[in-house]
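Peer 1: What follows is a structure written as structure tokens; I'll ask about it next.
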Amino acid sequence: MPTFVQILDFIGTFAFAISGIRLASANKFDWFGAYVVGFATAIGGGTIRDVLLNVTPSWMVDPMYLLCTALALFGVIIFGKYLIHLNNTFFLFDSVGLALFTVVGVQKSIALGYPFWVAIIMGCLTGSAGGVIRDVLINEIPLIFGKEIYAMACVVGGIAYWLCYMAGIKSYGCQIIGGMVVLLTRILAVKYHICLPVLNNHEKRS
């Protein structure tokens, strides 16, 4: 039976794959290209995390990540006309994937004995790096490099996870609370247009 963390990981994989395939479809990629974008989106952050933590990337030992991406592709093919032109759909799947992958990254780092600041960074990488790869592949400026709250939502959720962990809350409770904090932070930031300050260029032009 899969563990609670594995279930979160598979749901996050499906959600992120949908977000990548949906954008690839909107940019008129073929099925194979869309699958590649979806798969890279889904496993990119986790792969970087696992390489840094010196463990074998999860998708290399479990074919479920490939299958989740395939299911996401078939879902977009079947329901494409309802998904492609709905920005809210992309936002929903992207935000869910961001939240789930963040808590998976934090939990895995803590389980391996790393300190809390490493766990938060790994959670941020797990949640946001796949989106960066997705945006690069479809030739768009990654959300993480804009003023929109994205990676900071991972940081806030990671801190919430750690506080719950320090308070003695069981791991699945920490994961639920941390994930909800990421999701709510992202939703509220977009709804109320909460942004980080922009770094102004003070260079004098001739």
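The values are calculated or read from the model by the stated rules, or taken from the named source; none is laboratory data. All of these numbers come straight from a predicted model, not from anything done at the bench. Virtual Cβ from ideal backbone geometry, glycine too; neighbours counted across all protein chains shown.
Peer 1: For region 128-144, what are the residues that are surrounded by fewer than 18 Cβ atoms within 10 Å (Cβ to Cβ) and either closer than 15 Å to V182 by Cα or of a type in the set (V, I, T) (or both)?
Peer 2: Correct list: V136, I138, I141, I144.
Peer 1: Can you name the condition, by its number, that Y114 falls short on among (1) touching a residue at least 24 places away in the same chain (Cβ under 8 Å); (2) assigned to a helix (DSSP H, G or I)?
Peer 2: (2)
Peer 1: Within region 174-206, take every residue that is small (G, A, S) and at pLDDT 90 or above and give me the one that is surrounded by the most Cβ atoms within 10 Å (Cβ to Cβ). Break it down stepwise before answering.
Peer 2: Within region 174-206, the first condition is being small (G, A, S), and the residues that meet it are 178-179, 189, 206.
Now drop any that are not at pLDDT 90 or above, which leaves 178-179, 189.
Details: G178: 29, G179: 25, A189: 18.
Ranking the qualifying residues of region 174-206, first place goes to G178.
Peer 1: Assigned to a helix (DSSP H, G or I), modelled with pLDDT of 95 or more and either under 20 Å from G127 (Cα atoms) or not small (G, A, S) (or both): which single residue out of V76, V5, V55, V51 fits that description?
Peer 2: V51
Peer 1: Are any of the residues in region 157-173 buried (at least 16 other Cβ atoms within 10 Å of the Cβ) and closer than 30 Å to A34 by Cα?
Peer 2: Looking through region 157-173, at least one residue is buried (at least 16 other Cβ atoms within 10 Å of the Cβ) and closer than 30 Å to A34 by Cα.
Peer 1: Given the options A167, A189, A151, name the one that is more than 23 Å from G46 (Cβ to Cβ), among the small types (G, A, S) and in contact (Cβ under 8 Å) with a residue 12 or more places away in the chain.
Peer 2: On the way: A167 fails: in contact (Cβ under 8 Å) with a residue 12 or more places away in the chain; A151 fails: more than 23 Å from G46 (Cβ to Cβ).
Within the list A167, A189, A151, the selection yields A189.
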